[in-house]
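Let me begin by presenting the structure, written as structure tokens, before commenting on it.
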Amino acid sequence: MSVFMDLNVLFSADRSRLQSVVETAAHLGFSTIAINYVFEPTTKKKQEVPTPTPINELIDQLPVVQGRSRPIRVLNRLTVVMSDSSHFRPNAPEYRRFDLLAVQPTTEKLFHAACMLFEVDIVCISVTEKLPFFFKRAPINGAIDRGVVFEVSYSAAIRDATMRRYTIANAVCLMESCKGKNVILSSAAEKALELRGPYDVTNLALLFGLSDGGAKEAVSSTCRAALLHAETRQTASGAVFTVRSQQETPQDPAVCEAPAAKKAKAT
């Protein structure tokens with residue numbers, strides 16, 4: 001049985017609204033969701049990265065996932081909307097508070113940097129407007145090689161007809177460039193009515209140009225790969241060292257003989 005995930009549920013200060021979204025996600029069969037804190041810095045004044053609220057302070061009791069015997073898993077995610085390269089600070093300690101790190105570049109140069117350089121888990125594709133650039137194979141292949149995934153959200157298509165056209169057009173362009181690899185679909189839902197079940201989302205993925213298998217992976221295995229990538233990214237700075245045990249020390253004089261480069265040349 002597949003484990004379905006929605007890695008983009010927008011944070012709301014309204015606890016009752018957020019509780020309703022989480023309960024609906026569990027009822028629809030999502031085993032894991034991520035509460036998304038969107039950070040859109042500007043160059044005019046310095047802004048602080050939001051601090052995630054502990055899950056137990058937002059939700060009194062996690063609902064049980066439909067068809068399973070365990071409660072839904074809720075993660076925290078930060079999405080940085082970038083209009084300038086200085087908006088992403090790779091070594092910012094504030095980023096470590098979140099389980100997932102995503103960026104939404106607004107220019108071709110920033111999209112290239114996000115794919116090739118930035119230590120992130122998700123690159124978000126804007127669906128509320130026509131993209132000001134075309135997707136190129138080089139950065140997309142670079143992101144795929146690094147394990148970074150691309151995200152397309154669908155809730156904007158529910159709210160407005162114009163955004164629906166942008167969502168479909170931008171998603172189709174992405175699928176043509178990445179061949180359906182490393183793509184996840186999420187809701188970016190602000191309220192429970194904007195959530196759709198996993199199989200409805202896979203049908204939508206077919207409209208975007210994904211294959212049957214790719215559509216299912218976009219809400220299951222590729223999401224899991226993004227979570228594993230996030231865990232690896234957060235522990236990548238750990239130090240690893242080896243110690244040679246006494247038993248491994250060679251005792252044979254022939255083994256301890258100096259290398260050929262160190263031997264005295266015969267006269």
**Residue list for region 180-207, filter: modelled with pLDDT of 90 or more and either aromatic (Phe, Trp, Tyr) or under 15 Å from residue 140 (Cβ atoms) (or both)** = 181, 182, 183, 184, 199
**Request:** Please work out which one of (1) farther than 18 Å from residue 224 by Cα; (2) of a type in the set (Gly, Ala, Ser); (3) touching a Lys or Arg at 6+ places or on another chain (Cβ under 7 Å) is the condition residue 31 fails and give its number.
**Result:** (1)
**Prompt:** How many residues does region 65-95 hold that are in a loop (DSSP other than H, G, I, E, B) and hydrophobic (A, V, I, L, M, F, W, C)?
**Reply:** 4
**Request:** Sort out which residues of region 97-120 are surrounded by fewer than 20 Cβ atoms within 10 Å (Cβ to Cβ) and under 13 Å from residue 139 (Cβ atoms), and write them in order of number.
**Result:** 107, 108, 109, 112, 113, 116, 117
**Asked** Any idea which of (1) at pLDDT 95 or above; (2) in contact with a helix residue (DSSP H, G or I) (Cβ under 6 Å, 6 or more places away or on another chain); (3) not β-branched (Val, Ile, Thr) is the one residue 139 doesn't satisfy?
**Response** (1)
**Fill in**
Taking region 96-119 and keeping residues more than 25 Å from residue 155 (Cα to Cα) and part of a loop (DSSP other than H, G, I, E, B) leaves 117, 118, 119
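Conditions tested, residue by residue: (1) under 22 Å from the mean Cα position of the chain (by Cα); (2) modelled with pLDDT of 90 or more.
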residue: 7; (1), (2): yes, yes
residue: 30; (1), (2): yes, yes
residue: 33; (1), (2): yes, yes
residue: 40; (1), (2): yes, no
residue: 43; (1), (2): no, no
residue: 46; (1), (2): no, no
residue: 56; (1), (2): no, no
residue: 62; (1), (2): no, yes
**Prompt:** Scanning for something in contact (Cβ under 8 Å) with a residue 60 or more places away in the chain, in contact with a Leu (Cβ under 8 Å, 6 or more places away or on another chain) and in a helix (DSSP H, G or I), does region 15-22 turn up at least one residue?
**Reply:** yes
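The values are calculated or read from the model by the stated rules, or taken from the named source; none is laboratory data. Computed from a predicted model, the values in this text were never measured in an experiment. Using ideal geometry, Cβ is built from the backbone for each residue, glycine included, and neighbour counts are taken over all protein chains shown.
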